[in-house]
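Student: First the structure, then my questions, so here it is.
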Amino acid sequence: MSEESRDRRAEDTVADDYAMTFLSELDEVLSIVEEIQGVRENAFGHAVRKDEHVRDFRRVLFRLHVLLATWEQEADAGG
């Protein structure tokens, strides 16, 4: 997330605060995962239940995709 989009603006609403917090937290979690995966023994290749983890990741990714599509529709509608 860009530094500019993290800055609060005077016209921001509670919904803007929510969106910025959500995106910031998601970005932080992804950074932590990338850092952890950088340690060899933590790399996904060492997981025993790879298929289960991939299935769960797809479920979460689908939910994120639905949220993104909703936000895109609302942004395109000008709302």
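Student: Looking only at helices (runs of 4 or more DSSP H) that lie completely in the chain, which have at least 3 residues being modelled with pLDDT of 95 or more and of a type outside the set (Ser, Thr, Tyr)?
Tutor: Here the list reads 14-37, 50-76.
Student: I've got another one for you. Residues in segment 42-78 that are within 16 Å of the chain's Cα centre (by Cα) and not small (Gly, Ala, Ser): how many?
Tutor: Of the residues in segment 42-78, 16 are within 16 Å of the chain's Cα centre (by Cα) and not small (Gly, Ala, Ser).
Student: What pairs come up if the first residue lies in segment 18-32 and is over 18 Å from Phe57 (Cα atoms), the second is open to solvent by 80 Å² or more (accessible area, probe 1.4 Å), and their beta carbons are under 7 Å apart, counting only those six or more places apart or on different chains?
Tutor: Met20/Arg6; Ser24/Arg6
Student: Identify all residues within segment 28-45 that are loosely packed, with under 10 Cβ neighbours inside 10 Å and not β-branched (Val, Ile, Thr); write none if there are none.
Tutor: Glu34, Gly38, Arg40, Glu41, Gly45
The values are calculated or read from the model by the stated rules, or taken from the named source; none is laboratory data. Quick caveat, the model's predicted, so the values are computed rather than measured. Virtual Cβ from ideal backbone geometry, glycine too; neighbours counted across all protein chains shown. All accessible areas refer to the heavy atoms of the entire protein, side chains included, with ligands and DNA or RNA removed. Shrake-Rupley method; radii C 1.70, N 1.55, O 1.52, S 1.80 Å.
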